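For reference, the structure is listed below as structure tokens.
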Ligand code: DTR
């Protein structure tokens, strides 16, 4: 009885072990969203001197791609990494980063996206704590058949999500929507003849074994967010919260830089070891492709203004921020 009372009276910090947090992710462990997850875990554990211990769940073992946001809000996981492009109607403001506005790489994309989030604090994130955001490198077409002209692309089933889907449609492809983890099977079964994404997946998903052609388009980037359950966040000691807050921009930049370097490595491997051919559009052809993208920004602004979103200002901000970080 006495010892029971004593334990009950001890400050909880003295008896409790490290704070345990579950971090869910949707794609397989070797892919970039999970590489950045492991880096964040390591840094948080190190910087909190073991006060926090993070269990990571790659490969959709705890939450799958489209369940991520609601799963974190419900507390199935404390932390989750999500691709906003998979729910284009939900993340209207931050998905603006996928407009064809000339984001040159993932490092610039990630820093621009973070600033955009900080400025507008979109309602879509009001129920969670945002731990970081980042983007992929610009997308290109990976395909089983060579695509050199708009005519080659016409009606070809290609997998893409979100803003990238709008772009593929404008070019006349038959775009097929699905999250990345379903893409290997769709390619193997021939449901799609290619995909539209950042090129590190050529190596990380071994798409180079199936897609022997890459058509360089360098547009658009896909946006990601890492979010935390609000309750789990509020329970953290202030010094742990500070460690996580201090990592927000650092992690965005780290992930962008990792992605940009990894795209180069993956393409060197694809060309050398897998015999992949890289197709650069001729200047005349490029001009035709660009022309078809012109209405996309205008149409987005019109549509979003109807929903009360300061769309024109967001486009101006993205353009200014690209200049700032380039
Ligand atoms: N381009 C997006 C997001 C994406 C890019 N690389 C990966 C790797 C693993 C999961 C998602 C992504 C896409 O095509 O889904």
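Whether a residue is in a helix (DSSP H, G or I), farther than 23 Å from residue 79 by Cα and in contact (Cβ under 8 Å) with a residue 12 or more places away in the chain was assessed, and residue 137 does not pass this test. For the range 314-324, state whether one or more residues are over 25 Å from residue 226 (Cα atoms), out of contact with any strand residue (DSSP E or B) (no Cβ under 6 Å at 6 or more places or on another chain) and assigned to a helix (DSSP H, G or I). The answer is yes; a qualifying residue exists.
Only residues that are more than 10 Å from the ligand (Cβ to nearest atom), more than 10 Å from residue 276 (Cβ to Cβ) and buried (at least 20 other Cβ atoms within 10 Å of the Cβ) were counted across the range 180-209, and they come to 5. Residue under question is residue 195, and the condition is that it be assigned by TED's automatic domain parsing to the domain that holds residue 155, assigned to a loop (DSSP other than H, G, I, E, B) and touching a strand residue (DSSP E or B) at 6+ places or on another chain (Cβ under 6 Å); does it hold? Judged against the criteria, residue 195 is not a match. Set side by side, the residues 109, 60 differ, and just one is surrounded by fewer than 19 Cβ atoms within 10 Å (Cβ to Cβ) and within 16 Å of the ligand (Cβ to nearest atom), which is 60. List the number of the failed condition for residue 231; all other conditions in (1) assigned to a helix (DSSP H, G or I); (2) in contact (Cβ under 8 Å) with a residue 40 or more places away in the chain; (3) buried (at least 19 other Cβ atoms within 10 Å of the Cβ) hold. The one condition residue 231 does not meet is (3). Evaluating residue 212 against the criteria (1) surrounded by fewer than 21 Cβ atoms within 10 Å (Cβ to Cβ); (2) within 16 Å of the ligand (Cβ to nearest atom); (3) more than 20 Å from residue 134 (Cα to Cα) leaves one unmet condition, (2). Reported count of residues in the range 244-285, each being in a helix (DSSP H, G or I) and over 22 Å from the mean Cα position of the chain (by Cα), is 10. Yes or no: the range 209-216 includes at least one residue that is without any contact (Cβ under 8 Å) to a residue 60 or more places away in the chain and over 16 Å from the mean Cα position of the chain (by Cα). The answer is no; no qualifying residue exists. If you go through the range 170-179 and keep only what is in a loop (DSSP other than H, G, I, E, B) and within 12 Å of the ligand (Cβ to nearest atom), you end up with 177, 178, 179.
Let's see how each residue does on (1) assigned by TED's automatic domain parsing to the domain that holds residue 208; (2) touching a helix residue (DSSP H, G or I) at 6+ places or on another chain (Cβ under 6 Å); (3) at positive phi:
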position: 258; (1), (2), (3): no, no, no
position: 281; (1), (2), (3): yes, no, no
position: 291; (1), (2), (3): yes, no, no
position: 307; (1), (2), (3): no, no, no
position: 311; (1), (2), (3): no, yes, no
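Against the numbered list (1) modelled with pLDDT under 95; (2) over 15 Å from the mean Cα position of the chain (by Cα), residue 122 comes up short only at (1).
Of all residues in the range 294-302, none are closer than 16 Å to residue 31 by Cβ and at pLDDT 95 or above. Going through the range 240-253 one residue at a time, which ones are closer than 21 Å to residue 136 by Cβ and crowded, with 20+ Cβ neighbours inside 10 Å? If the condition is that a residue be closer than 21 Å to residue 136 by Cβ and crowded, with 20+ Cβ neighbours inside 10 Å, then 251, 252 are the ones that fit. Checked against (1) touching a strand residue (DSSP E or B) at 6+ places or on another chain (Cβ under 7 Å); (2) not assigned by TED's automatic domain parsing to the domain that holds residue 105, residue 248 passes all but condition (2). Every condition in (1) assigned by TED's automatic domain parsing to the domain that holds residue 215; (2) away from the ligand (no atom under 15 Å from the Cβ); (3) buried (at least 20 other Cβ atoms within 10 Å of the Cβ) holds for residue 152 except the one numbered (3). Within the range 140-169, being assigned to a strand (DSSP E or B) and closer than 24 Å to residue 260 by Cβ holds for 140, 141, 142, 143, 158, 159. Of the residues making up the range 13-44, those that are part of a helix (DSSP H, G or I) and either within 11 Å of the ligand (Cβ to nearest atom) or buried (at least 16 other Cβ atoms within 10 Å of the Cβ) (or both) number 10. All conditions but one from (1) surrounded by fewer than 24 Cβ atoms within 10 Å (Cβ to Cβ); (2) not assigned by TED's automatic domain parsing to the domain that holds residue 26 apply to residue 129; the one that does not is (2).
The values are calculated or read from the model by the stated rules, or taken from the named source; none is laboratory data. In this text the structure is predicted, and so the values were computed from the model without any measurement. Methodologically, a virtual Cβ is constructed for each residue, glycine included, from the backbone with ideal geometry; neighbour enumeration extends over all protein chains shown.
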